[in-house]
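Encoded as structure tokens, the structure appears first; notes follow it.
The values are calculated or read from the model by the stated rules, or taken from the named source; none is laboratory data. Please read these numbers as outputs of a predicted model, since none were measured by experiment. Cβ placement follows ideal geometry from the backbone for every residue including glycine, while neighbour counts extend to all protein chains displayed.
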Amino acid sequence: MNGFILFTCISEPSNPGTREIKTEGILTEQVRVRFAPSPTGHLHVGGARTALFNWLYARNTGGSFILRVEDTDRTRSTDEYIEAIIQGMQWLSLDWDEGPFRQTDRFDVYRTYVEKLLQEGKAYHCYCSVEELEQRRHLALAQGKPQKYDGRCRDLKEPVPGRIPVVRFKIPRKAKPLSMTSSGAGWHLRTASLMT
């Protein structure tokens with residue numbers, strides 16, 4: 001796998017007022033970074049900043065900069081916005097080494113992996129409607145509870161007639177969280193395995 005970084009740690013160095021970012025882990029042959037805008041509107045300043053940061057990192061390390069268009073929101077993504085994003089990138093002189101790739105061109109690949117996740121018990125079908133999820137979100141908000149999916153379809157054995165499901169990841173119920181720890185050298189991000 002090219003360009004895989006295991007984890008990053010931000011620490012406070014001996015020079016007050018500055019930060020050091022140290023990358024620890026595995027860095028292979030070539031860095032590969034990407035910019036993945038959603039074409040639901042024009043390129044905005046936040047997207048341009050992300051693209052610029054990744055483009056500079058790729059150019060500084062001799063790596064590759066990839067443009068991947070996240071056009072999976074079929075109701076809001078348009079070819080007009082894809083073209084506007086590409087023109088914005090060109091106006092900023094941010095060229096890419098690979099792409100632009102469209103996520104919708106890879107649906108067959110994704111379907112294969114979704115089926116694999118379902119077969120391995122790492123994903124499940126959820127039959128909740130958008131309206132039901134929104135109603136539960138509002139109820140949780142009113143009760144001061146976290147606004148998250150309650151997992152009610154997680155253990156269903158049979159499909160729900162008349163409903164088109166979505167697929168959700170089957171995250172372990174007792175996942176270990178990521179944590180920040182402090183030492184004499186500053187703050188460190190420590191990752192924990194999600195699998196128990």
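Listed values, structure above:
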| quantity | calculated |
| --- | --- |
| Residue list for segment 137-177, filter: over 29 Å from Lys116 (Cβ atoms) and charged (D, E, K, R) | Arg137, Lys145 |
| Every residue from segment 94-110 that is more than 15 Å from His44 (Cα to Cα), of a type outside the set (Asp, Glu) and not in a helix (DSSP H, G or I) | Trp96, Gly99, Pro100, Phe101, Arg102 |
| Top-ranked residue in segment 118-133 [being assigned to a loop (DSSP other than H, G, I, E, B) and in contact (Cβ under 8 Å) with a residue 40 or more places away in the chain; ranked as surrounded by the fewest Cβ atoms within 10 Å (Cβ to Cβ)] | Gly121 |
| Residue within segment 171-178 that is among the hydrophobic types (A, V, I, L, M, F, W, C) and either at pLDDT 95 or above or outside any loop (DSSP other than H, G, I, E, B) (or both) present | no |
| Those residues of segment 72-110 which are loosely packed, with under 13 Cβ neighbours inside 10 Å, among the aromatic types (Phe, Trp, Tyr) and closer than 15 Å to Phe35 by Cβ, in sequence order | Trp91 |
